[in-house]
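A.B. asks: The structure that follows is given in the form of structure tokens.
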Amino acid sequence: FEGSVGALPGRFLAGCHAVVSCLRCDEPGQCSGLQRLLLAAAAQHGVRRFVASDFLPDYRPGLGKAAASLEAHPVLAERMAFCKELVGTDIDVVHVHAGMLLEDVCTFLRVWDGDKRQLQCYGDPEQRFDLSTVAAVATATAAAVMDPRLGDRDEYGTHVCVSSAAVSALEMHQVLSSFAPSALAVGTLGDLVSRIEQARGLERLVLQCQRV
């Protein structure tokens, strides 16, 4: 129904307790616009719970480069504005907080080299970041839909279900080394930026995702 979610037939929404938004979009502003229509349609038909989707990150070179601050980055600013709009209805809005997927770390992001048994880290290896798995996200999403006890509200008033744990590269290395000898390669963020500037195509995209 992408592009026409505002005209969703009532038979699809009437009597529904929850709507899970799974929109992914290609252009900045497109996803939040479609999700606004979906939220309005859900509210019109008495849906009680709305599980909001995240937005497809935009890693195009130069996007946000001229932003005066992190909060002014167009992708983040769009998310923050939409969070404020979500709580303007009578629907309980739930956001599933998912960290970086472990499956992506070991595949697309190429942070873990299974052949060399080497984990690549740029920056402080003791700095923690959110890490999740597909199974954990699925469990948290099911809870967001079915569990009568909603998560705590964030500063925007939306409920939050957490599916991630905070871990560091050093902790990941220790776990990996408990199975077989493993190496931890540590570089600086400057090293990563230099690699991004020299890379092209898919390799450049992968490195940009690592930087984010």
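A.B. asks: Could you run through region 194-212 and say how many residues are loosely packed, with under 13 Cβ neighbours inside 10 Å and under 19 Å from Q127 (Cβ atoms)?
C.D. replies: 1
A.B. asks: Please pick out the residue among G15, G33, G62, G46 that is more than 28 Å from V167 (Cα to Cα), exposed (fewer than 13 other Cβ atoms within 10 Å of the Cβ) and at pLDDT 65 or above.
C.D. replies: Details: G33 fails: exposed (fewer than 13 other Cβ atoms within 10 Å of the Cβ); G62 fails: at pLDDT 65 or above; G46 fails: exposed (fewer than 13 other Cβ atoms within 10 Å of the Cβ).
The conditions single out G15.
A.B. asks: How about region 179-193: which of its residues are open to solvent by less than 40 Å² (accessible area, probe 1.4 Å), part of a loop (DSSP other than H, G, I, E, B) and not hydroxyl-bearing (S, T, Y)?
C.D. replies: Passing the criteria: only A180.
A.B. asks: Also, quick follow-up: Among the listed residues L131, L176, identify the single one that is out of contact with any Asp or Glu (no Cβ under 6 Å at 6 or more places or on another chain), in contact (Cβ under 8 Å) with a residue 12 or more places away in the chain and in a strand (DSSP E or B).
C.D. replies: L131
A.B. asks: Hey, can you tell me all the residues within region 49-59 that are open to solvent by 20 Å² or more (accessible area, probe 1.4 Å) and either in contact with a Cys (Cβ under 7 Å, 6 or more places away or on another chain) or at pLDDT 85 or above (or both)?
C.D. replies: F55, L56, Y59
A.B. asks: From E85, E71, E78, which residue is over 17 Å from the mean Cα position of the chain (by Cα) and either assigned to a helix (DSSP H, G or I) or at pLDDT 70 or above (or both)?
C.D. replies: Exactly one residue qualifies, and that residue is E85.
The values are calculated or read from the model by the stated rules, or taken from the named source; none is laboratory data. Values in this document were obtained by computation on a predicted structure and should not be read as measured data. Reconstructed Cβ throughout: ideal geometry from the backbone, glycine too, with neighbour counts over all protein chains shown. Heads up: the accessible areas ignore ligands, DNA and RNA and are worked out on the full protein's heavy atoms, side chains in. Shrake-Rupley method; radii C 1.70, N 1.55, O 1.52, S 1.80 Å.
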